[in-house]
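Notes follow the structure.
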Amino acid sequence: MLKKNLSTLIIFILLPIAVGMISSVLAGNIAGTYSQLNQPELSPPAAVFPIIWTILYTLMGISSFLIFISDSPYKEKALWIYFLQLFIIFLWSPIFFGLQLYLLGFLWLLLLVVLIVIMILRFYSIDPVAAYLLIPYLLWCIFAAYLSFGIYARNT
């Protein structure tokens, strides 16, 4: 049983990491595009983003795993929101960096933030630890929305 759970946990961690990697590939040269933009104050260096996202995707994977192994009758609905927001974050980099649709990217992040809040609330009712693991993701996406709006405002 432990080996099965460990394998399932690894799959749940690798899934969002793979989603992020594929999204980045589809978006093109993110670091190059980012460095050429007129950025708002508090913009971190491009090298920070892959590190932060890997940590956040790992936390998301652990969080979703905790919901998946729970006995809650509400876990399917909670995981549906999880996969929906994973799809939304998958599309963000290609929209923002690939297509350079900065306003749409900002609005897309606002949608994502709403979905993350809903996900956290659903996860909390099933497993509070799973919800707490998502708080850094929520905070980072709010910060990313600030950066996205700043890039939109300074580059259009």
Legend entry - Estimated FRET transfer efficiency when R0 is 30 angstrom, pair A153-S70 (beta carbons, to 0.05): 0.10
Inset, instruction - Please list the radius of gyration and Dmax for the chain, considering alpha-carbon atoms only, with Å as the unit. - result: 16.1, 55
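Over the chain, with the other protein chains present, what is the accessible area per residue in square angstrom, probe 1.4 angstrom? Walk me through the intermediate numbers first.
Working: 8470 Å² over 156 residues.
Averaged over the residues of the chain, the accessible area is 54 Å².
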Inset, instruction - Give the carbon-plus-sulfur fraction of the accessible surface of region 34-139 in %, rounded to a whole number; probe 1.4 Å, heavy atoms of protein chains only. - result: 73
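The values are calculated or read from the model by the stated rules, or taken from the named source; none is laboratory data. Just so it is clear, the structure is predicted and the values come from calculations on it, not from any experiment. Note that each Cβ is placed from the backbone with ideal geometry, even for glycine, and that neighbours are counted across all protein chains shown. The accessibility values were calculated without ligands, DNA or RNA, using every heavy atom of the protein model including side chains. Shrake-Rupley method; radii C 1.70, N 1.55, O 1.52, S 1.80 Å.
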